[in-house]
Amino acid sequence: MSSRVSLTRYLVEQQRLHALIPANLRLLLEVVARACKSICQAVNKGALGGVLGTAHSENVQGEIQKQLDIIANEVLIEANEWGGHLAAMASEEMDGIYVVPNRYPQGEYLLLFDPLDGSSNVDVNVSIGTIFSVLKKPEGSAGVSESDFLQPGRQQVAAGYCVYGPQTTLVLTVGDGVAVFTLDREQGSFTLTQENVQIPPDTHEFAINMSNMRHWDTPVKRYIDECLAGSDGPRGKDFNMRWIASMVADVHRILTRGGVFMYPWDKREPDKPGKLRLMYEANPMSWLVEQAGGAATDARTRILDIVPGKLHERVSVVLGSKNEVERITSYHARL
């Protein structure tokens with residue numbers, strides 16, 4: 001790039017030149033980005049900041065919380081509650097919605113987030129991140145309630161994630177492709193480093209937790225068996241497996257060089273449609289992937305078309321390189 005473009009300048013141009021986002025949404029995204037910088041600082045301090053290890057508590061999902069889960073959740077709430085852009089927030093770490101207090105002006109947007117995705121990797125210094133999604137509050141509704149959040153993913157007005165790795169990277173879509181920003185630590189600002197990200201339609205990589213193989217459904221086993229058979233099998237090519245157990249890191253790799261990510265339904269908890277949360281993880285990641293030319297389904301249905309029935313709904317996820325996602329989905333359709 002001939003000149004550096006800051007996140008603020010990028011958003012202003014999306015607002016002014018392309019009429020894609022209103023001013024209040026731009027300001028909201030800037031606040032989210034600043035909150036991610038604060039979370040990044042806490043993550044980077046690690047043991048020096050005394051923030052590693054468990055918090056000896058569980059979230060609404062019944063998962064053991066890390067200290068950084070709670071810190072990241074508080075950072076996002078405190079950064080966003082007073083600006084006048086939001087009506088309410090919802091988080092993977094909270095039982096219900098967080099309505100903006102009456103002492104602050106109430107805005108027209110709803111913010112959902114997984115404050116620290118992959119936090120089980122915190123103590124071993126593996127890349128983790130923050131995932132967020134923005135919805136418009138339905139018009140005509142008095143106050144704000146949980147039902148206002150229950151919108152299909154296709155109605156998102158912005159989505160993204162920030163991955164805290166060797167570089168701190170913010171990945172964003174406002175419905176006009178995917179842009180990548182890298183945190184310049186010396187300047188303290190996010191700078192545009194890639195636009196119009198495109199996921200190759202074909203791939204030689206897949207990401208799945210192989211330790212769950214014995215619990216998979218037949219179509220998933222079939223697909224993975226074909227990949228493992230390599231050049232001697234029906235696919236006629238060799239595959240590599242990658243699995244970081246941090247969705248932001250796995251999806252970032254796919255956006256960078258292609259691949260397919262799978263977290264399917266399995267037989268351990270047959271009544272649950274999947275492991276990942278629809279509104280905090282699957283919807284924002286699916287929109288990013290689709291905006292980059294990929295595809296995302298629950299192995300049968302486009303994820304962005306699913307109408308959620310509850311705030312913490314779970315879903316199976318297959319996303320990434322379009323041709324691979326379509327193949328996996330077609331295998332399920334033949335059942």
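Remarks
- Conditions (1) aliphatic (A, V, I, L, M); (2) closer than 22 Å to Val174 by Cβ; (3) surrounded by fewer than 20 Cβ atoms within 10 Å (Cβ to Cβ); number of the one not met by Ile71: (2)
- Meets criteria (surrounded by fewer than 23 Cβ atoms within 10 Å (Cβ to Cβ), free of Cβ contacts under 8 Å to residues at least 12 places away in the same chain and among the small types (Gly, Ala, Ser)) for Ala229: yes
- Selection within segment 118-165 - polar (S, T, N, Q), at negative phi and either crowded, with 16+ Cβ neighbours inside 10 Å or in contact (Cβ under 8 Å) with a residue 24 or more places away in the chain (or both): Ser119, Ser120, Asn121, Ser127, Thr130, Ser133, Ser145, Gln151, Gln156
- Residue, modelled with the lowest pLDDT, within segment 127-163, restricted to residues that are in a loop (DSSP other than H, G, I, E, B) and touching a helix residue (DSSP H, G or I) at 6+ places or on another chain (Cβ under 7 Å): Ser141
- Checking segment 156-164 against the condition returns a match, with at least one residue being farther than 25 Å from Ala42 by Cβ, of a type outside the set (Ser, Thr, Tyr) and touching a Ser or Thr at 6+ places or on another chain (Cβ under 6 Å).
- Phe206 surrounded by 15 or more Cβ atoms within 10 Å (Cβ to Cβ), modelled with pLDDT of 95 or more and under 28 Å from Pro270 (Cα atoms): yes
- Restricting Arg327, Arg302, Arg314 to residues that are closer than 18 Å to Phe206 by Cα and among the charged types (D, E, K, R) narrows the list to Arg327.
- Within segment 96-124, considering residues that are closer than 19 Å to Leu170 by Cα and outside any helix (DSSP H, G or I), the one farthest from the chain's Cα centre (by Cα): Leu111
- Exclusive hit being at pLDDT 90 or above, surrounded by 17 or more Cβ atoms within 10 Å (Cβ to Cβ) and assigned by TED's automatic domain parsing to the domain that holds Gln106, set Lys37, Lys66: Lys37
The values are calculated or read from the model by the stated rules, or taken from the named source; none is laboratory data. No experiment lies behind these values; they were computed from the predicted model shown. Cβ: placed from backbone, ideal geometry, glycine included. Neighbour counts: every protein chain shown.
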